[in-house]
């Protein structure tokens, strides 16, 4: 019985962190995404909308709605609230799907074969550091793989030992890059 209580307690503590991690991986709407907004039995209010650079979409009969940074489910709730508070509809049923994802990228510079922007696959929110380096044509022979610098969009910096990552055979936790991150691969001393 004690063992069962311990297992339940441990699982109970682990579950919220798993849910938080999954929530972080949900797709967030961004500028230039094309959304399909469907208002059930209201064809005039339904249609495709492109998210503006401000993160807002315009819909008939309501003020612009800021959906940038929200999940499609969160955007649905905001649209329902706009139609209800604007007294346009009493209880609308709204669905939001991303019809077309805006191009998102990271930048890989320095001693790689094809420096420049690397696209994050459509519908994904991140790309692994190793995948980004591979997409940039891999390291040049003189690359300093033991000290690859990452500058995050938020300004934070970190150094990653890619050489050790490659040697670890998948035992080292992967490093992920997000839109706007910058990777710089230096040159080792000869």
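Have a look at the DSSP beta bridges in the chain and tell me what percent are antiparallel, nearest 5. It would help to have the intermediate numbers written out before the result.
Details: 29 of 33 bridges.
Antiparallel bridges: around 90 percent, rounded to the nearest 5.
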If eta is 1.567 mPa s and T is 4 °C, what Stokes-Einstein diffusion coefficient results for segment 34-100, Kirkwood Rh from Cα pairs, in µm²/s?
111
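Take the Cβ-Cβ distance between residue 156 and residue 84 as r, set R0 to 35 Å, and report the resulting FRET efficiency rounded to the nearest 0.05. If you can, show how the numbers build up before the last one.
Working: r = 40 Å, r/R0 = 1.15.
Rounded to the nearest 0.05, the efficiency is 0.30.
Would you mind calculating the gained length between residue 178 and residue 100 on full extension (0.36 nm times residue separation, minus the Cα-Cα distance), in nm to one decimal? Present the calculation step by step, with values, prior to reporting the outcome.
Working: separation 78, 0.36 × 78 = 28.08 nm, distance 1.87 nm.
Difference between extended and current length: 26.2 nm.
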15 Å cut-off, amide nitrogen to a point 7 angstrom out along residue 188 Cα→Cβ, residues in segment 112-146
112, 139-146
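As a test of the formula, what do you get for the chain when each DSSP H run with n ≥ 4 contributes -39,500 (n - 2.57) and the sum is divided by the residue count, at 222 nm and rounded to the nearest 500 deg cm²/dmol?
On the way: 4 runs with 51 residues, N = 190.
Mean residue ellipticity, 222 nm, calculated: -8500 deg cm²/dmol.
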I want to verify a result. In a Gaussian network model of the chain, Cα cutoff 10 Å, which of these has the top mean-square fluctuation: 179, 60, 115?
60
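Please work out the FRET efficiency for the pair residue 119 and residue 54, using the Cβ-Cβ distance as r and a Förster radius of 35 Å; give the result to the nearest 0.05. Don't skip to the end; give the middle numbers.
Details: r = 24 Å, r/R0 = 0.67.
The pair residue 119/residue 54 has a calculated efficiency of 0.90.
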Prolate/oblate/rounded call for segment 104-187, Cα gyration tensor, a/c under 1.5 rounded
rounded
Sorted by average packing, counted as other Cβ atoms within 10 angstrom per residue and highest first, what order do 126-137, 93-104, 151-162 take?
126-137, 93-104, 151-162
Could you state the angle between the C-alpha long axis of helix 72-85 and the longest principal axis of the C-alpha atoms of the chain, as a value from 0 to 90 degrees rounded to the nearest 10?
30
Can you tell me the 0 to 90 degree angle between the C-alpha axis of helix 2-25 and the longest principal axis of the chain, rounded to 10?
80
Can you pull the Rg over Rh of the chain, Cα-only, Kirkwood?
1.12
Added length on full extension, which subtracts the Cα-Cα distance from 0.36 nm per residue, residue 77 to residue 167
27.7 nm
Selected from 83, 178, 27 as most flexible by GNM, with the chain as the system and alpha-carbon contacts under 10 Å
83
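Every read-out reported here was derived from the displayed coordinates using simple, explicitly stated rules and does not represent laboratory data. As the structure is a prediction and not an experimental result, all values here were calculated from the model. So basically every Cβ, Gly included, is an ideal-geometry build from the backbone, and we count neighbours across all protein chains shown.
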